[in-house]
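Have a look at the structure below before the remarks.
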Amino acid sequence: MQLIDGKKLAQEIKIEIADEVKKMVMSGKRTPHLVAVLVGDDGASRTYVNSKVKSCEEVGFKSTFIRLERDITENELLAQINTLNNDDAVDGFIIQLPLPKHIDEEKILLAIAPEKDVDGFHPTNVGRMTLNLPGYISATPKGILEMLNRYNIETEGKHCVVIGRSNIVGLPMSLLMQRRSKPGNCTVTICHSKTNDLSKYTLQADIIIAALGKPKFLTADMVKKGAVVIDVGITRVDDPSKKSGFKLLGDVDFEHVSKKCSYISPVPGGVGLMTVVSLLQNTLSAAKEEFYAKSMSFDVDNL
Ligand code: GUN
C-alpha cells in the first residue's frame with residue numbers, strides 16, 4: 001500500500017505557485033488577491049477559512065478575510081457580493097459554506113460573477129466543467145484529480161465508485177472521472193444514501209472516492225484488494241485527549257482498509273490540504289485571466 005501524501009503534494013504545489021507569483025510580480029503585475037467571506041462563527045468553517053488565508057500568505061498572494069455577523073440579511077450579503085464582483089483589485093472570492101438557514105445558498109452562489117467564482121460553484125463553471133470547457137473546477141474534486149495525476153495512478157478504463165452526490169464533491173467528482181481526459185476515462189458509478197446494497201458496487205471498484213461525511217463508513221469488507229481509496233470525509237469528533245478537544249475522522253476505516261488497497265489518502269493529511277491548494281491554483285488562474293478576460297465582466301444595471 002502506498003500512502004497518498006496530501007501534505008507533501010500540497011507543499012510542492014505551493015512552492016510552484018509561489019514561484020509563479022514571484023515571476024508575475026517581477027513582470028510588473030500585481031499580486032493575486034483572494035477574498036474569503038465567512039458568515040457567522042462556526043468553528044469548523046472558521047478553521048477552514050483561516051487555513052485558506054494562511055495559505056495565501058505562504059504563496060505570496062494578497063488575501064482579505066471578511067467576517068459578517070450570523071444575522072446578516074440575504075440582501076446585505078448580496079450587496080457584499082456585488083461590491084466584490086465590481087472590485088477590480090479582487091481576482092477571486094469565496095463565500096464559505098454552509099450559510100445560516102435564513103440565507104438562500106443557491107441565490108448567493110448565483111450572484112457571484114463566474115469569472116471571480118474561484119470555488120467553481122456557479123452554474124456557469126459547473127456547466128463548463130460538465131462540457132469539458134476551461135473554467136474553475138471546485139476545489140476538492142480538483143485536488144483529488146491532482147493527487148491521482150501526481151501519483152501517476154491509471155484511471156483510464158477503470159471502474160470508479162463515488163459515494164456521495166453533493167454539489168461540492170460527489171456530483172462534480174463523478175463527472176470529472178468519466179471525462180475524456182487524464183485523469184478521467186473511467187466507468188463511473190455514483191452511490192448515495194438511497195443506494196441499495198452499496199457493497200455490491202464498492203466491491204467492484206478499482207477506485208473508490210468516499211465523500212459522504214460518515215466517519216469510518218467504508219470498511220475493509222467493502223473494498224476489493226488492490227483498489228485505490230480516496231477519503232474525502234472530514235468529521236470532527238470529540239476527543240478530550242486533544243488540546244483542541246476534537247479529532248478529525250475520515251469516511252474510511254483507515255486502519256483496516258489500508259491493508260487491502262494499493263493507494264490510500266489519509267485523514268488528516270490527505271484531500272483537505274489539496275482542497276486549499278486547488279483554491280490557490282484557481283485564484284492564480286483568475287489573476288492570469290486564464291478562463292475569462294476581465295473586460296468580459298459587466299454591470300447588468302448599466303446595460
Ligand atoms: N464548505 C465546505 N467546503 C467548501 C469549499 O470548498 N468552499 C466553500 N466556499 N465552502 C465550503
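Values quoted throughout were computed directly from the atomic coordinates according to the rules given, and no laboratory measurement underlies them. This structure is a prediction, so every number in the text was calculated from the model and none was measured. FYI the Cβ positions are ideal-geometry reconstructions off the backbone, even for glycines, and counts take in every protein chain you see.
Multiply the residue separation of Glu154 and Val25 by 0.36 nm, subtract the distance between their alpha-carbon atoms, and state the gained length in nm to one decimal. Numbers along the way, then the final one.
On the way: separation 129, 0.36 × 129 = 46.44 nm, distance 3.69 nm.
Here the segment from Glu154 to Val25 would lengthen by 42.7 nm.
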For the pair Ser262/Asn185, report the inter-label distance in nm, with labels modelled 7 Å from Cα in the Cβ direction.
1.5
Hey, which lysines would be in cross-link range of Lys22, C-alpha to C-alpha under 16 Å, not counting anything within fewer than 8 residues on its own chain?
Lys14, Lys62, Lys288
Could you work out the equivalent-ellipsoid semi-axes for segment 201-299, taking the square root of 5 times each eigenvalue of the Cα gyration tensor, largest first, in whole Å?
34, 20, 11
Cβ density ranking, 10 Å radius, fewest first, applied to Cys160, Cys186 yields Cys186, Cys160
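What's the local net charge at Ser138, with K and R +1, D and E -1, over the other residues with C-beta under 12 Å away?
Numbers: positive: Arg128, Lys142; negative: Asp117, Asp119.
For residues surrounding Ser138, the net value is 0.
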State to the nearest 20 debye the size of the charge dipole of segment 1-123 about its Cα centre, where the only charges are +1 on K and R beta carbons and -1 on D and E beta carbons.
480
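Give the relative contact order (percent, whole number) for segment 1-72; include only Cα pairs under 8 Å separated by 6+ residues. Write down the numbers at each step before the final one.
Numbers: 70 pairs, mean separation 26.2, N = 72.
In percent, rounded to a whole number, it is 36.
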Take the chain, connect every pair of alpha-carbon atoms lying under 10 Å apart with a spring to form a Gaussian network, then pick out the residue of Gly269, Gly143, Gly92 with the largest mean-square fluctuation.
Gly269
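Below 10 angstrom from the Cβ of Lys260, what's the summed charge of the other residues (Lys, Arg +1; Asp, Glu -1)? Provide the component values of the computation, followed by the final result.
On the way: positive: Lys224, Lys225, Lys259; negative: Asp221.
So the environment of Lys260 carries a net charge of +2.
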What's the ranking of 145-156, 227-238 by average number of surrounding C-beta atoms within 10 Å, highest first?
227-238, 145-156
For segment 1-86, just run the numbers: alpha carbon Rg, then divide by 2.2 N^0.38 Å, N being how many residues it has.
1.37
GNM result for the chain, Cα springs below 10 Å: residue of Lys214, Lys107, Lys194 fluctuating most strongly
Lys194
Based solely on its DSSP helices, what 222 nm [θ] is calculated for the chain when runs of n ≥ 4 H residues each add -39,500 (n - 2.57) and the sum is averaged over all residues, nearest 500 deg cm²/dmol?
-11500 deg cm²/dmol
Selection from Ile72, Tyr292, Thr219 lying farthest towards where the dipole of the chain points positive, charges on Cβ
Thr219
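Let me know the shape class of segment 27-130, please: from the alpha-carbon gyration tensor, a ≥ b ≥ c as square roots of the eigenvalues, rounded when a/c is under 1.5, otherwise prolate if a/b is greater than b/c, or oblate. Before the final figure, lay out each step's value.
Values: a/c = 1.63, a/b = 1.22, b/c = 1.34.
Oblate shape, in that a/c is at least 1.5 and b/c is the bigger or equal ratio.
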Tell me, what ³J(HN,Hα) does each residue in segment 194-202 have, in order and in whole Hz, if you take phi through Karplus 6.51 cos²θ - 1.76 cosθ + 1.60 with θ = phi - 60° and put x for Gly and Pro?
9, 6, 8, 6, 4, 4, 4, 7, 5
What is the fewest-to-most order of His192, His159 by other Cβ atoms lying within 10 Å of their Cβ?
His192, His159
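Report, in debye and to the nearest 20, how large the dipole of the chain comes out about its Cα centre when Lys and Arg carry +1 and Asp and Glu carry -1 on their Cβ. Show your work: numbers first, answer last.
Details: 38 positive and 38 negative charges, 204 e Å.
Dipole of the chain, to the nearest 20 debye: 980 debye.
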Whole number please: convex hull volume per residue of the Cα set in segment 84-175, in Å³?
119
In degrees, nearest 10, the alpha-carbon axis of helix 271-287 is tilted away from the dominant principal axis of the alpha carbons of the chain by 30
Over the chain, what number does the Rg to Rh ratio reach, with both radii from the alpha-carbon atoms and Rh per Kirkwood?
0.97
If we count every other residue with Cβ under 11 angstrom of Leu99's Cβ, Lys/Arg +1 and Asp/Glu -1, where does the sum land?
-2
For a footprinting-style exposure proxy, rank Ser278, Ser241, Ser262 by other Cβ within 10 Å, fewest first.
Ser241, Ser262, Ser278
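Would you mind calculating the relative contact order of the chain from Cα pairs under 8 angstrom and at least 6 residues apart, reporting the percent as a whole number? Numbers along the way, then the final one.
Values: 575 pairs, mean separation 61.8, N = 303.
Relative contact order for the chain comes out at 20 percent.
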Relative contact order for segment 127-244: what is it in percent, counting Cα pairs under 8 Å that are at least 6 residues apart?
23
Between Phe61, Phe246, Phe291, find the one with the highest GNM mean-square fluctuation for the chain; connect C-alpha pairs within less than 10 Å.
Phe246
